[in-house]
Amino acid sequence: MRSSNPVFSRRGFSRDNGYAGFNTAPQAGYAQGNPYAQNPYAQNPYAQQGVGAPPQAPATTDRMTMDDVVVRSAVTLGTVAVGAALAWALLPVSGTSYGLAVGSALIAFVLAMVQSFKRTPSPALILGYAAFEGVFLGVISEMYNSRWSGAPFQAVLGTMAVSGATLLIYKAGWIRVTARYARVGLAIAMAFLVVMAVNLLLVAFGVADDGGLRSFGPLGALVGIIAIVLGAFFLTLDFKQIEDGIAYGAPRNEAWLAAFGLTLTLVWIYVEMLRLVAIFSSND
C-alpha cells in the first residue's frame, strides 16, 4: 500500500501496479522487481532478453527517458522558483504575508496529497503544488533574509551541494537502494515525523519553550542535520525510481511523478537547510 504521506509516496516502494520490492527474483514469466511489469501496456524486458540480462527499455516513443525526467523536473522546479520570486518581490514581510504563506503551504499540501493518492500523474496538480509551494518558500525566504542576510542564497547552495553529493555517491555505487534499505530508512523517517508532530503539539500548548526540538540552539541544529540526511535518503529513492522507470520502460507520463518526487525532496532539503543556516548564523 502506498503511504498517505506525499514524501513517502514513491512508486518504486509501493505495491501499486504489482510492485514487490527491489532485487527480487523474476517469477512466472515476469520480473517481480519491475514496478511496471503487470501494467497492461508494459513490456517485460526479461521475456525479451532472458533472465539475468541487463534490463533495457523497449525502443518506443511511449516510454520514459532521462530527457523526459529532466524536462519535467525543470518545469516543476522552475514553477517553484517563479512562485518564490514573485512572492518575494510582491509581498512585503508582514503578518498578512505570513498568513498567505501558511495558506499557500496548506493548499500545496492538499494538492500533493491528492496527487499521491492518484494512480496516474496529473501535470495540473503537480504544477499547482509547485506554484503554491513556491509562494510559501518565497515568503519564508524573505523572512529569513530580513533577519539573516544571505541565508536563502546559502540554503540554495547547500541544497545543491547535498543533491550533487548524493547523486555522485549513488552513481558510484556506494549506496545500494534495496527493499531493506528502503524499509529501514522509511521507518526512521516516519519516527522522525511523529516526533516532530508531537514536538509541534507541545510547543502549541506551551509545554515546550522556544520551539522545543526545533529551537535555534544546538539541539535544533542536530535535528536539522538529521532532517537533511533524511532528505538525502529520499533523493536516493527518487534516483532509484527514475533509474528503474527508464530501465523497465515506464510510460512517458511517469516522468511527471519523478519530477514531483524530486521537487518534494528538494523543497524538504531547502527548508531544513534554511533553518540550519539561520541557526549557525545566530550562534556566530
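The values are calculated or read from the model by the stated rules, or taken from the named source; none is laboratory data. Only a predicted model underlies this, so the values are computations on that prediction, with no experimental measurement involved. A quick note on method: Cβ atoms are made from the backbone with ideal geometry, for glycine too, and the neighbour counts reach across all protein chains shown.
Is one or more of the residues making up segment 86-97 part of a helix (DSSP H, G or I), touching a Leu at 6+ places or on another chain (Cβ under 8 Å) and farther than 23 Å from A259 by Cα?
yes
Here's the yes/no breakdown for (1) within 16 Å of the chain's Cα centre (by Cα); (2) of a type outside the set (A, V, I, L, M); (3) at pLDDT 95 or above; (4) closer than 20 Å to F216 by Cα:
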| site | (1), (2), (3), (4) |
| --- | --- |
| Y144 | no, yes, no, yes |
| V156 | yes, no, yes, yes |
| S163 | yes, yes, yes, no |
| R176 | no, yes, no, no |
| L193 | yes, no, no, yes |
| M196 | no, no, no, yes |
| N199 | no, yes, no, yes |
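Looking at segment 94-108, which of the residues that are over 13 Å from A130 (Cα atoms) and loosely packed, with under 14 Cβ neighbours inside 10 Å is modelled with the lowest pLDDT?
G95
When you scan segment 204-225, do you find a residue that is over 30 Å from T120 (Cβ atoms), of a type outside the set (G, A, S) and under 19 Å from the mean Cα position of the chain (by Cα), even just one?
Yes; the residues of segment 204-225 include at least one that is over 30 Å from T120 (Cβ atoms), of a type outside the set (G, A, S) and under 19 Å from the mean Cα position of the chain (by Cα).
Here's a check for you: in segment 62-85, which residue that is within 12 Å of G138 (Cα to Cα) and aliphatic (A, V, I, L, M) is surrounded by the most Cβ atoms within 10 Å (Cβ to Cβ)?
Taking the candidates together, the pick is V80.
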